[in-house]
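Here the structure comes first, spelled out in structure tokens, and everything after it is commentary.
The values are calculated or read from the model by the stated rules, or taken from the named source; none is laboratory data. From a predicted model like this one, the values you see are computed outputs, not experimental measurements. All Cβ positions, glycine included, derive from the backbone under ideal geometry; neighbour counts span all protein chains shown. Side chains are part of the model used for accessible areas, which takes the heavy atoms of the whole protein and leaves out ligands, DNA and RNA. Shrake-Rupley method; radii C 1.70, N 1.55, O 1.52, S 1.80 Å.
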Amino acid sequence: MNGKFLVDRFALSHLIHVYHVEGLKNYIGKDFKKDAVIEVCSDNGKIHAVCFENIVISDSMCRELSLILYDVPRLDFYKVSFESAPSWLKGIAKLEHLAFVDLPDVDYNSYEFVQEIQSLRNLRITNDLEMVPDWLCNIKQLTYLDLRHNKIQRLPDSLGNLQQLTYLDLRSNLLQRLPDSLANLQQLTSLKLS
């Protein structure tokens with residue numbers, strides 16, 4: 001596959017494009033579901049967001065994606081499953097926003113590499129998460145953390161380590177109390193609870 005051709009093809013317009021399976025399977029793999037969608041947002045020929053939906057991402061597709069998406073700042077995964085943990089994400093140098101939403105059968109401990117993405121500022125995890133993984137509290141540069149619509153009952157004290165956090169969304173969880181360490185979040189301007 002010619003990665004440059006795919007990037008040029010994605011970046012044809014200033015609007016969001018929705019590419020269905022048929023247009024992409026020759027370029028980035030054959031493991032798509034029938035209703036799979038890849039949405040690409042671009043502006044002036046530069047991709048600034050990619051959303052994958054209803055896709056099984058194979059290891060071979062992961063290799064291709066790492067070449068194509070190396071400078072994309074935002075990636076969203078909706079109802080996506082990976083053949084193995086997508087460790088290629090840590091190689092995306094400019095990634096600022098990462099969303100894992102409705103991932104089937106995910107072991108979030110296998111996503112520990114996410115803490116190594118130095119440029120990551122925004123993270124959203126929505127998928128019946130019962131506890132906050134330890135690695136999440138090591139992403140010191142996070143400014144935006146969205147954990148709504150999970151089943152979290154208790155927050156770790158280490159959440160107070162996220163000193164740069166300005167936005168924290170904990171709505172629609174099973175929380176009984178908040179840890180005292182939240183008082184350490186001096187930059188926090190928005191805390192959403194319900």
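Structure notes:
- Selection count, the range 56-83, where residues are in contact (Cβ under 8 Å) with a residue 60 or more places away in the chain and not aliphatic (A, V, I, L, M): 1
- Of all residues in the range 93-112 being within 20 Å of Thr143 (Cβ to Cβ) and within 12 Å of the chain's Cα centre (by Cα), the one that is modelled with the highest pLDDT: His97
- Here the strands (runs of 3 or more DSSP E) wholly within the range 78-194 that include at least 1 residues being among the charged types (D, E, K, R) and open to solvent by less than 20 Å² (accessible area, probe 1.4 Å) are 144-146, 167-169.
- Residues (touching a Gly at 6+ places or on another chain (Cβ under 8 Å) and either more than 15 Å from Val50 (Cβ to Cβ) or aromatic (Phe, Trp, Tyr) (or both)) located in the range 67-84: Tyr70
- Residues located in the range 57-77, provided they are modelled with pLDDT of 75 or more and open to solvent by 50 Å² or more (accessible area, probe 1.4 Å): Arg74
- Cβ separations smaller than 7 Å between residues 6+ apart or across chains give the following pairs from the range 44-55 residues that are at negative phi and open to solvent by 10 Å² or more (accessible area, probe 1.4 Å) to residues that are assigned to a strand (DSSP E or B) and among the aromatic types (Phe, Trp, Tyr): Cys51/Tyr78; Glu53/Tyr78.
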